[in-house]
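The values are calculated or read from the model by the stated rules, or taken from the named source; none is laboratory data. Everything numeric here is computed off the predicted structure, so don't read it as measured data. Here the Cβ positions follow ideal geometry from the backbone for every residue, glycine too, while neighbour counts run over all protein chains shown. The area values use the complete protein model at the heavy-atom level, side chains included, leaving out ligands, DNA and RNA. Shrake-Rupley method; radii C 1.70, N 1.55, O 1.52, S 1.80 Å.
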Amino acid sequence: MTSKIVIVAGGTTGMGRATALARAARGDDVTVIGRSRRDLPSSVRFLRADLSSIAEVERVSSDIASRHDRVDALGLFANRVQPKRTETADGLKYTFALYYLSRYLLAARLAPLMSAASVIVNVSGVGTTKGGIHWDDPQLRARYGAIRAQLQAGRANDLLGVAHAGDARYVLYHPGFTRSGLDGHPNPLVRGVLKTLALFAARPVARSVAPVVEWIEHPPADRLTTSDRGEPVDLSGKEADARRLTTYTQGLVTAAR
Ligand SMILES: NC(=O)c1ccc[n+]([C@@H]2O[C@H](COP(=O)([O-])OP(=O)(O)OC[C@H]3O[C@@H](n4cnc5c(N)ncnc54)[C@H](OP(=O)(O)O)[C@@H]3O)[C@@H](O)[C@H]2O)c1
């Protein structure tokens, strides 16, 4: 068994945490990024950061690069529903910054440490056809809705996979409704409904992360793998949108410097 260097962004709870612990149990060198260590065991290293901030993502990326000469796996899990539109210190919509931009930036900054034997697993909502990029107002200044924001960032993550040009293998994974993240919704009513539904309809966390743990063990041969609950998703025809989003994103990152 070879020990791998694994970075899990958003690994303090839910599926990220389960992935981090499963890999640490196999002897990997695991670093979890999150806002608070919570009850993570000492078998994983914790890096505190608010990933909605560009400067914080840059800081943790530099920290990782100073400690490791390679990264074998990057798991992207961080997300949090925002019922009201909030802006980050960079003047971006919070959901866009956390759920999409931090994933773009972490993959870009850690790319020099990754090879064709490395894997990036982006856990989001591939296969969902609802939502899209609101090109006229990507920061949703004119019309905000929590679901609208989540769907846009989800579709942006699809485009991240399409645009991926690094050496690492890229996986877009939709785990399906899972018994995790249920405490994350700030509205108590929605939280209650979700928890009740989850009792009957949601998958156990261990089942949802099993493919992630396996992709880390054996990165796929293909440059891009898509999986919506085990089924591949056709993202062909999205290349122009992916290039457009990359250009828009690079502009945001440059403006933030
Ligand atoms: N659960 C489902 O049914 C389901 C279905 C499809 C897709 N997904 C996707 O799967 C991913 C993981 O979901 P989950 O259910 O495991 O959710 P979760 O338990 O709520 O995990 C989210 C993680 O993100 C971290 N996070 C939130 N805000 C952060 C910030 N500003 N900076 C750094 N870290 C932050 C949280 O840590 P802290 O709060 O400690 O910072 C936590 O570790 C998400 O992208 C979600 O959209 C989930």
(message) I need the full set of residues from region 75-114 which are within 14 Å of the ligand (Cβ to nearest atom), touching a strand residue (DSSP E or B) at 6+ places or on another chain (Cβ under 9 Å) and either of a type in the set (Phe, Trp, Tyr) or open to solvent by less than 40 Å² (accessible area, probe 1.4 Å) (or both), in order please.
(response) Gly75, Leu76, Phe77, Ala78, Gln82, Lys93, Tyr94, Ala97, Ser102, Arg103, Leu106
(request) Kindly indicate which of Ser42, Ser52 is over 20 Å from Val212 (Cα atoms), part of a loop (DSSP other than H, G, I, E, B) and in contact with a Leu (Cβ under 7 Å, 6 or more places away or on another chain). (result) Ser52
(message) Looking only at residues that are in contact (Cβ under 8 Å) with a residue 24 or more places away in the chain, more than 18 Å from Val123 (Cβ to Cβ) and more than 15 Å from the ligand (Cβ to nearest atom) in region 5-42, which one is least open to solvent (accessible area, probe 1.4 Å)?
(response) Ile5
(request) Hey, can you tell me all the residues within region 179-212 that are touching a Leu at 6+ places or on another chain (Cβ under 7 Å) and in a loop (DSSP other than H, G, I, E, B)? (result) Leu182, His185
(request) Could you tell me whether region 91-102 includes any residue that is under 20 Å from Leu159 (Cα atoms), of a type outside the set (Val, Ile, Thr), at pLDDT 95 or above and outside any helix (DSSP H, G or I)? (result) yes
(request) May I ask you to say which residue of Val71, Val126 is touching a His at 6+ places or on another chain (Cβ under 6 Å), modelled with pLDDT of 95 or more and in a loop (DSSP other than H, G, I, E, B)? (result) Val126
(request) Could you check, for region 59-67, whether at least one of its residues is touching a His at 6+ places or on another chain (Cβ under 7 Å) and either within 9 Å of the ligand (Cβ to nearest atom) or over 17 Å from Ala255 (Cβ atoms) (or both)? (result) no
(request) For region 148-200, enumerate the residues that are open to solvent by less than 20 Å² (accessible area, probe 1.4 Å), over 23 Å from Arg85 (Cα atoms) and touching a Gly at 6+ places or on another chain (Cβ under 7 Å). (result) Tyr170, Leu172
(request) Please state which of the following conditions Ser208 fails to meet, knowing it meets all the rest: (1) among the small types (Gly, Ala, Ser); (2) farther than 23 Å from Leu74 by Cα; (3) touching a strand residue (DSSP E or B) at 6+ places or on another chain (Cβ under 9 Å); (4) modelled with pLDDT of 95 or more. (result) (2)
(message) The conditions are (1) within 16 Å of the ligand (Cβ to nearest atom); (2) open to solvent by 60 Å² or more (accessible area, probe 1.4 Å), and Ser53 fails exactly one of them. Which is it?
(response) (2)
